[in-house]
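Okay, structure first, notes after.
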Amino acid sequence: MDRCATMAAMGRRGSRRIVMRILKSGFVLLMAVGLMGLGQRLWAQASTTGSISGMITDPSGAAVPNAAVVAINSGTGAAHMARTDAHGNYVLPLLAPATYTLTVNATGFAKAQRSVLVELGQVSSGALKLALAGSTQTVEVGAAPPLLQTQNGNVASTISEKQVRELPIPGGDIYDLAQLQPGAVNTGSFFPSVDGMPTSSNMYTLDGMEDIDPYNNNTNGGATNLLLGINDVQEVTTVSNGYSAKYGTLAGSNVSMVTKSGTNNFHGNLIFDWAGENLMANDFFNNASGTPRPTSMAKQWVGSVGGPILHNKLFFFVDDEGLAVVLPSSQLATIPSQPYEAATLANLTANHPASVPFYQSIFKLYNGAAGASRATAVPGGGCSSDFTMPAPFAGAPCAMQFYSNASNFAWENVTVAKVDWNIDPSDHADVHWLLDRGVQSSGIDPINPVFNQVSNQPEFQAQANWEHTFGGSAVNSLLLAAQHYNAAFGPPNLASALQTFPGQLDFGDGSITTLGGFDGSANVGRAVTRIQISDDFVKTIGAHSFDVGFTGSKYLSNTLIGNNKNGDWVTSDMDSFYNGGLDTATGSNTQYAKGYPAFRMAPLEMMRIGGYADDNWHVTPRFMLTLGLRMDHPTSPSCRQNCFASPGDFLAMNHDATQPYNAAIKTGLNNAIGNIGAIEWQPRIGFAWQPWGASAGTVVRGGFGLFADNFPIDIASGFLGNLPLNPLFTPSNGLISPAEGNNALSVQAAKAQAALQSGFSNGATLAQLQAAVPGFQPPTLTTAASPLQNPSYEKWSLQVQRQLWTNAALTVGYEGNKGDHELMQNPALNTYSKTAYAGLPGAAPDARFGKVLEYQSNGSSNYNGMTGTFRDNFTSGVLMLNYTWGHSMDQGFGSGQIRMVELPDNLQALYGNSDDDIPNSFSGNYVWNVPFQKWLGGSSTLAGGWQVTGTFMARSGLPYSVLDTHTRSVLSRTNYDGRDVLANFLGGAVPGCSSPDQSCLVASEFSRASSAFGNQGRNMFRGPGFWSTDLSVQKGFAVPGWESAQLALRANAYNLFNHVNFARPVASLGNPLFGQITGTTYNASSILGGNGGDASVRMIQLQIGLTW
């Protein structure tokens, strides 16, 4: 980093320390008092409940102290009790989402009752005005969800039970519900980016249990990549900025899901959905290229039943859900043309005849692809920019293209059961079990189905909750949870796949489709176990409600090591492939990545421990203040068998090439990335103010706080590939065919491995290994900077909520955040250039190693955004509209917690639009029970029971950069491990980018970054926008003789108007299709699952259901 950037960073850190000291000085005392005064009863981290809070007054509006308040769950009869304080206030915390009958008794006053709807994560108003004794009993009926959030400053939104049950959620994916919340923007991944935060910084919980994959902090979906179980879910709440310190572990949004329970009435449903290929439109590019509609089918089912075991005491709920799909695909496949094949074989016959048989087998596979007979010449001939067809083939195309419509099969089944027990008036317990089974279609190969990828993914999880009430002013809740899943990825028959082709062949510029699927690293995966304990406690003392809490999670991951163990050839372009893998004249080459794992399974583990204390203070009846302090203590990922090897910080190590390898590398390490376990202090403050009183219908809300992120286990996986146990070699100065002897890249890698294994234990140096193996290719290395820190964020917001009419409200808000210490991958610490290249030395800083990838905590980000939300809980339905304007900026490539930089010494040069920067996003959903019978009269059989529901979303296009894959390939020969190199932008008008009818980019406006990393601003171009709408129409019928039952016929139309949402264009400079849009994009969730099936088209799903 340059000096100015360094001084700026020091200034930011200095101001941050001042803020920390000011906030922490008061909050440390709060934490200590809370822990000592309230003992060991602690409050859970993830919300599974809501609460009721209010003020009890007399006819004049004066407070009524010591009034008895009882809330009875209308479904289960569970009672919750409290008493008002001297100011007439009371709180009933930790209530299961449900409708409650609230009863208030006070000496000298008539009994009063009202219904209150408690939603997940929300505080419902339970204010009542009592009449004097002898007056008529006060009864208020009608329970409506709270429109205004008057009790805290948290930025939160709830998807109600009605919305969960009725909206057309594609595939029944629970994760898709989070896309409906304000501030959440659909980026095409399973998790949205919320307020510009990384997509892998979102924390999802199910009944309080963390429900994300700790291996990568991403989706915990099963075999279909959907999180099935929506029929088991009652409500979903998203908290994007949680100033209540209970929200944490990850710094992004907290999405809480609570499951259904049995009640005193038997209830359940049976639903079956079906969609066949005749109900699915053909893909845009299939139609344009004359490709037949692919085979496809989706069938889904749910069935549940719940009810009482003992009236008011013991209840059960059981749910079974499943999905079986034949996945269609529409993939552009490019294969070598017959003239290119002939020219290549002629050239090899003359120069490298031993390579001919291997190349013939490659061409045979490409020519035998289903769809090859439909292939047409790539526009412009399809030749890489460095390659010209030789005589007598001059002018002939190099590549042919076709759209593959191959299919694959996947299925998943989820079974859940829950038991609730009202032990006594002070105790409630529940246990929830889930069993998930299925086989995933992880990839559909367009060349040969033997290279398809599948994954068997069984999962089990369980949660047990116990809640105890202490008198009328304190509640404690304890959670115990466990989860285990397996996931291994590879072709259905690895031996057959490797016999067909012994690894994987990629063309770096994308000119030809990959051969071998993902077989280079096939049969990777993991078996992950999570154990969690949480406890939470709430105590009301006067105007203060104190919350303290604790959670601890331990993660065990038995990780299968892939590390390119089957081999992966990456040839830079058609020129290098034509020349057998290497053209010394142009620099085009092939890199062969080959790992040699000494063991297949690495037992990794890590822990996360967190605690917090909150003071929710009713400063006045109109002003609520939340003071909170959270602390998290994560541990570094470790190996139970001491299986890591590392030299430590690459920049701090001895780079003397005469030092033996075994003196440079520390082996048998339990921890590879050092200590990141410092306590992360996170003070927060939030407020809610009703400036004109409770009846005026206006709330001003906001807050500021610090939030800590935590690494996934996956950060440690790179260290499993370090020498000597599992080294990775990447020779790039040889030929592709294994038959070329010592000139073969695969032979070079094998000899390097053999020499290193024998030489490491004997103290061999680089010179000794080079003498033993001419052309010895040094191994790659993964390191971590010291110290490595967890990312941290400052987050703030200000909102105004206004009730417009009885059931409608408008919320307008500003949210912002600033990230520091974000995790970056530096791929160029050992990169050099044999020719002058700005910023790179002329020789490798450490000649003993090839590519070096180091994790560093030097990334930063900023986000500023505005949101507007309108919600109307009208008589016959719900309408919710969201608009988000936002701008997010960061360094590096990637949208998750780990991003990759381009040039290590100029990090600030990569500061630009983030990969998920979406300026404008609009979403909405509605549920409408259409009152045809009221309008038209007539029989209820025909006019009654109609319902229309739907969702819609629209957003700006995603940003992208133009990449120079040729220069990246050249630099890879001199140890560059980067994913991307930006091309130079020469200036000029950039065309619009909305359809395949015109190029989105002009090739003459760009040049290769041949002597310095490109001058192009990162993500300065933007792809096509996105919009789609889903619609459901349902007709319900009464079941004769069964009063509580309804039979329903329903049709769901996903992408109702069959709108084509185009993907970003090909942005690899030198690719024959540069600037062209060649595919479509769609929401990650669909009725086909989330495994890559073509879900961009309109799909109609028919449904029949019975509900009682």
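So which pairs qualify, if the first residue must be in the stretch 976-1004 and on the phi > 0 side of the Ramachandran plot, the second must be exposed (fewer than 15 other Cβ atoms within 10 Å of the Cβ), the Cβ gap must be under 9 Å, and the two must be at least 6 apart or on different chains?
Pairs found: GLY988/VAL1002; GLY988/SER1004.
Looking only at the stretch 440-458, count how many residues are surrounded by 18 or more Cβ atoms within 10 Å (Cβ to Cβ) and assigned to a strand (DSSP E or B). So that I can check it myself, show each step before the final result.
Let us first name the residues in the stretch 440-458 that are surrounded by 18 or more Cβ atoms within 10 Å (Cβ to Cβ), namely 440-448, 450-455, 457.
Okay, now just the ones that are also assigned to a strand (DSSP E or B), so 440-443, 453-455.
Residues meeting the conditions: 7.
Taking PHE507, is it of a type in the set (Phe, Trp, Tyr), within 28 Å of GLU210 (Cβ to Cβ) and surrounded by 21 or more Cβ atoms within 10 Å (Cβ to Cβ)?
For PHE507, the condition - of a type in the set (Phe, Trp, Tyr), within 28 Å of GLU210 (Cβ to Cβ) and surrounded by 21 or more Cβ atoms within 10 Å (Cβ to Cβ) - is not met.
Checking the condition under 21 Å from TYR863 (Cβ atoms) and not hydroxyl-bearing (Ser, Thr, Tyr), which residue from ASN225, ASN231, ASN218 passes? Talk me through it step by step, then tell me what you get.
Details: ASN225 fails: under 21 Å from TYR863 (Cβ atoms); ASN231 fails: under 21 Å from TYR863 (Cβ atoms).
Testing whether each residue is under 21 Å from TYR863 (Cβ atoms) and not hydroxyl-bearing (Ser, Thr, Tyr) leaves just ASN218.
Which of the residues spanning the stretch 1036-1061 are assigned to a loop (DSSP other than H, G, I, E, B) and either touching a strand residue (DSSP E or B) at 6+ places or on another chain (Cβ under 7 Å) or loosely packed, with under 14 Cβ neighbours inside 10 Å (or both)?
Within the stretch 1036-1061, PRO1040, GLY1041, ASN1055, LEU1056, PHE1057, HIS1059, VAL1060, ASN1061 meet the criteria.
Any residue in the stretch 702-720 that is more than 29 Å from the chain's Cα centre (by Cα), of a type in the set (S, T, N, Q) and either buried (at least 18 other Cβ atoms within 10 Å of the Cβ) or in a loop (DSSP other than H, G, I, E, B) (or both)?
no
In the stretch 721-743, which residues are buried (at least 24 other Cβ atoms within 10 Å of the Cβ) and either of a type in the set (Asp, Glu) or in a strand (DSSP E or B) (or both)?
Within the stretch 721-743, LEU728, PHE729, LEU735 meet the criteria.
Scan the stretch 581-601 residue by residue and report those that are of a type in the set (Phe, Trp, Tyr) and outside any loop (DSSP other than H, G, I, E, B).
Step one: list which residues in the stretch 581-601 are of a type in the set (Phe, Trp, Tyr), which gives 592, 596, 599.
The answer is TYR592, and nothing else.
Of these, THR559, THR513, THR540, which one is farther than 30 Å from ASP614 by Cβ, β-branched (Val, Ile, Thr) and in contact with a Gly (Cβ under 9 Å, 6 or more places away or on another chain)?
THR559
Hey, could you check the stretch 53-82 for residues that are hydroxyl-bearing (Ser, Thr, Tyr) and assigned to a strand (DSSP E or B) and say which is nearest to LEU95 (Cα to Cα)?
Of everything passing the filter in the stretch 53-82, SER53 is nearest to LEU95 (Cα to Cα).
Read through the list (1) more than 16 Å from LEU903 (Cα to Cα); (2) at pLDDT below 95, then give the number of the only condition that ASN1015 fails.
All conditions are met except number (1).
Cβ-Cβ under 6 Å, sequence separation 6+ or interchain: first residue in the stretch 566-580 and part of a loop (DSSP other than H, G, I, E, B), partner of a type in the set (Lys, Arg). Which pairs?
Sorted first by the residue in the stretch 566-580, then by its partner, the pairs are GLY567/LYS594.
Consider only pairs whose beta carbons are under 8 Å apart and that are at least six residues apart or on different chains; among these, list those whose first residue lies in the stretch 330-357 and is farther than 25 Å from ALA744 by Cα and whose second residue is of a type in the set (Asp, Glu).
Sorted first by the residue in the stretch 330-357, then by its partner, the pairs are SER330/ASP283; SER330/ASP1094.
Could you check the stretch 518-565 and list, in sequence order, the residues that are part of a strand (DSSP E or B) and of a type in the set (Phe, Trp, Tyr)?
Listed by number, the residues that qualify are PHE537, PHE546, PHE550, TYR555.
Among the residues of the stretch 583-600, which ones are over 14 Å from ALA522 (Cα atoms) and surrounded by fewer than 20 Cβ atoms within 10 Å (Cβ to Cβ)?
Those that are over 14 Å from ALA522 (Cα atoms) and surrounded by fewer than 20 Cβ atoms within 10 Å (Cβ to Cβ): ASP583, THR584, ALA585, THR586, ALA598, PHE599.
Would you mind stating whether LEU582 is touching a Pro at 6+ places or on another chain (Cβ under 7 Å) and over 30 Å from LEU725 (Cβ atoms)?
On the way: touching a Pro at 6+ places or on another chain (Cβ under 7 Å): no; over 30 Å from LEU725 (Cβ atoms): yes.
Answer is no for this residue.
Counting residues that are modelled with pLDDT of 90 or more and either surrounded by fewer than 20 Cβ atoms within 10 Å (Cβ to Cβ) or of a type in the set (Gly, Ala, Ser) (or both), which strands (runs of 3 or more DSSP E) fully inside the stretch 774-865 reach at least 2?
Strands (runs of 3 or more DSSP E) meeting the threshold: 792-805, 808-826.
Condition test on PHE387, is it aromatic (Phe, Trp, Tyr), farther than 26 Å from PRO449 by Cα and either assigned to a helix (DSSP H, G or I) or in contact (Cβ under 8 Å) with a residue 12 or more places away in the chain (or both)? Don't jump to the end; show me each part of the working.
Details: aromatic (Phe, Trp, Tyr): yes; farther than 26 Å from PRO449 by Cα: yes; either assigned to a helix (DSSP H, G or I) or in contact (Cβ under 8 Å) with a residue 12 or more places away in the chain (or both): yes.
Against the criterion (aromatic (Phe, Trp, Tyr), farther than 26 Å from PRO449 by Cα and either assigned to a helix (DSSP H, G or I) or in contact (Cβ under 8 Å) with a residue 12 or more places away in the chain (or both)), PHE387 qualifies.
Among the residues in the stretch 146-162, are any among the hydrophobic types (A, V, I, L, M, F, W, C), surrounded by fewer than 24 Cβ atoms within 10 Å (Cβ to Cβ) and not in a loop (DSSP other than H, G, I, E, B)?
Looking for residues that are among the hydrophobic types (A, V, I, L, M, F, W, C), surrounded by fewer than 24 Cβ atoms within 10 Å (Cβ to Cβ) and not in a loop (DSSP other than H, G, I, E, B), one finds none in the stretch 146-162, hence no.
Consider the stretch 798-816. How many of its residues are touching a Ser or Thr at 6+ places or on another chain (Cβ under 8 Å) and either under 30 Å from PRO634 (Cα atoms) or without any contact (Cβ under 8 Å) to a residue 12 or more places away in the chain (or both)?
Matching residues across the stretch 798-816 total 2.
Any idea which of ALA771, ALA750, ALA764, ALA754 is surrounded by 15 or more Cβ atoms within 10 Å (Cβ to Cβ), out of contact with any Gly (no Cβ under 9 Å at 6 or more places or on another chain) and in a helix (DSSP H, G or I)? Before the answer, list the steps.
Details: ALA771 fails: surrounded by 15 or more Cβ atoms within 10 Å (Cβ to Cβ); ALA764 fails: in a helix (DSSP H, G or I); ALA754 fails: surrounded by 15 or more Cβ atoms within 10 Å (Cβ to Cβ).
Of the residues listed, the single one that is surrounded by 15 or more Cβ atoms within 10 Å (Cβ to Cβ), out of contact with any Gly (no Cβ under 9 Å at 6 or more places or on another chain) and in a helix (DSSP H, G or I) is ALA750.
Taking TYR204 and the conditions (1) touching a residue at least 40 places away in the same chain (Cβ under 8 Å); (2) in contact with a helix residue (DSSP H, G or I) (Cβ under 9 Å, 6 or more places away or on another chain); (3) not in a strand (DSSP E or B), which numbered condition does it fall short on, given that it satisfies the others?
That leaves (3) as the condition not met.
Please find, within the stretch 964-996, the residue that is surrounded by the fewest Cβ atoms within 10 Å (Cβ to Cβ) out of those that are of a type in the set (Val, Ile, Thr) and part of a loop (DSSP other than H, G, I, E, B).
Filtering the stretch 964-996 for residues that are of a type in the set (Val, Ile, Thr) and part of a loop (DSSP other than H, G, I, E, B), the one surrounded by the fewest Cβ atoms within 10 Å (Cβ to Cβ) comes out as VAL990.
Given the conditions (1) out of contact with any Pro (no Cβ under 7 Å at 6 or more places or on another chain); (2) crowded, with 23+ Cβ neighbours inside 10 Å; (3) not polar (S, T, N, Q), and given that ALA497 satisfies all but one, which numbered condition is not satisfied?
Tallying (1) out of contact with any Pro (no Cβ under 7 Å at 6 or more places or on another chain); (2) crowded, with 23+ Cβ neighbours inside 10 Å; (3) not polar (S, T, N, Q), ALA497 fails exactly one: (1).
Taking SER695 as the residue in question, decide whether it is at pLDDT below 95 and closer than 30 Å to THR620 by Cβ.
Working: at pLDDT below 95: yes; closer than 30 Å to THR620 by Cβ: yes.
Yes, satisfied.
Restricting to the stretch 238-266, count the residues that are among the hydroxyl-bearing types (Ser, Thr, Tyr), surrounded by 24 or more Cβ atoms within 10 Å (Cβ to Cβ) and not in a loop (DSSP other than H, G, I, E, B).
Count: 3.
Can you give me the number of residues within the stretch 83-124 that are closer than 24 Å to ALA63 by Cα, not aliphatic (A, V, I, L, M) and not in a loop (DSSP other than H, G, I, E, B)?
13
The values are calculated or read from the model by the stated rules, or taken from the named source; none is laboratory data. What you see is a predicted model; the values in this text were computed from it and never measured. Note that each Cβ is placed from the backbone with ideal geometry, even for glycine, and that neighbours are counted across all protein chains shown.
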